[in-house]
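A short worksheet on the structure shown next.
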Amino acid sequence: MNANEVLASALVKMATSPVKADRDAIARIERECGTDVIKIATALEDLQIVAIAMNATDNQGKGLKIFASGLLWAGIVGIAILSIRPNYLWYGVSLGFISGAAGRIEPFKS
């Protein structure tokens, strides 16, 4: 259970509590937010769904970024090798592509 779920369940428990202090606290929260506690709990759940969706989209373009980085460095190293030693152009391009792609890979990121 994450913090949003804990907070939402605590708000709902306090809202249904028979203790007068709990009801007064919920009334103050509702007054400050300008809405009732159910809408506040729903908003917290919606924020959690958005956060999960944003984390899921982080990994979608990863392969394309690795490939593009490899192409970029292949071009840079290829141009440098072309001006220094034109006979070794394909070696330089291959080395640049591998280095650029490997630089984008994050093996230890969990």
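Table for the structure above
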quantity	calculated
Some residue of region 1-22 being basic (Lys, Arg) and modelled with pLDDT of 80 or more	no
Residue in region 34-49 that is polar (S, T, N, Q), at pLDDT below 70 and either touching a Cys at 6+ places or on another chain (Cβ under 8 Å) or open to solvent by 50 Å² or more (accessible area, probe 1.4 Å) (or both) present	no
Residues within region 69-101 that are open to solvent by 50 Å² or more (accessible area, probe 1.4 Å) and free of Cβ contacts under 8 Å to residues at least 12 places away in the same chain, tallied	10
Residue count, region 5-19 (criterion: without any contact (Cβ under 8 Å) to a residue 40 or more places away in the chain and not in a loop (DSSP other than H, G, I, E, B))	10
Tally of residues being open to solvent by less than 60 Å² (accessible area, probe 1.4 Å) and either in a loop (DSSP other than H, G, I, E, B) or modelled with pLDDT under 75 (or both) across region 57-68	1
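The values are calculated or read from the model by the stated rules, or taken from the named source; none is laboratory data. Worth saying up front: this structure is predicted, and the values here are computed from it rather than measured. A quick note on method: Cβ atoms are made from the backbone with ideal geometry, for glycine too, and the neighbour counts reach across all protein chains shown. We work out accessible area using only protein heavy atoms, side chains counted, and drop any ligands, DNA or RNA first. Shrake-Rupley method; radii C 1.70, N 1.55, O 1.52, S 1.80 Å.
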